[in-house]
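The values are calculated or read from the model by the stated rules, or taken from the named source; none is laboratory data. Computed from a predicted structure; not experimentally measured. Here Cβ is always computed from backbone atoms with ideal geometry, including for glycine, and neighbour counts include all displayed protein chains.
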There are 2 protein chains.
Amino acid sequence: MNLQLQFGERVRELRLAKGLSQEALAYKAGIDRTYMTSVENGKRNVSIQNVEKIITALDISVSEFFKSDTFKHN
Amino acid sequence: MNLQLQFGERVRELRLAKGLSQEALAYKAGIDRTYMTSVENGKRNVSIQNVEKIITALDISVSEFFKSDTFKHN
DNA sequence: ATTAATATGTGACTCATAGTCCGTTGACTT
DNA sequence: AAGTCAACGGACTATGAGTCACATATTAAT
């Protein structure tokens, strides 16, 4: 139930590392600006297609995205 | 658009490795058997909450789940 | 040969919510 | 003062969640 939160945190981390605004990333991903805000804040139960769009917009592979320590516990 | 299919394939791979039926895994994950079928076949645009339920039911971490070669390309 | 049990797949359906589009606000910057 | 950025909200439409009846294939026992 907190993958949703962890996902948002990771998106924010990578977005900031690339020096992008939420709006710029949203545009690259082809999703709404206001939606990106709520995703980063862990308020949205994102679909896997949008997960892919966002990860792709971050210029990273899916496995690299989830390689973070955040996702190492079960 | 592909992550949906890759996710399903990976779920099936790990489920079979554990010797579970779709129904047994679905039960562990707390979702419907027929829903699990369509997920494995890449027919569903699964939400991140259900992604987490399924990965957890497979007794694996999120980062391990996505560590497969399938997810290494962007 | 048929019966029964197990496993998987499909189409259709309702209902909740994912996701969009409009705008506003506050913080910070120049 | 004007611009950028993040967050929030209301109203709306598109779509995912969740379930069902039914079909199919395989295997095992009778």
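Tabulated results
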quantity: From B:Lys72, B:Lys18, B:Lys28, residue being facing another protein chain (nearest Cβ under 7 Å) and of a type outside the set (A, V, I, L, M, F, W, C); calculated: B:Lys72
quantity: Residue in the stretch B:20-41 that is away from DNA strand D (no atom under 15 Å from the Cβ) and not basic (Lys, Arg) present; calculated: yes
quantity: One residue from B:Asn2, B:Asn45 being at pLDDT 95 or above and within 23 Å of A:Arg44 (Cβ to Cβ); calculated: B:Asn45
quantity: Residue count for the stretch B:65-74, restricted to those that are within 13 Å of the chain's Cα centre (by Cα) and over 15 Å from B:Glu9 (Cα atoms); calculated: 0
quantity: Evaluation of B:Asn45 against (1) free of Cβ contacts under 8 Å to residues at least 60 places away in the same chain; (2) out of contact with any Ser or Thr (no Cβ under 6 Å at 6 or more places or on another chain); (3) not small (Gly, Ala, Ser) (one fails), failing number; calculated: (2)
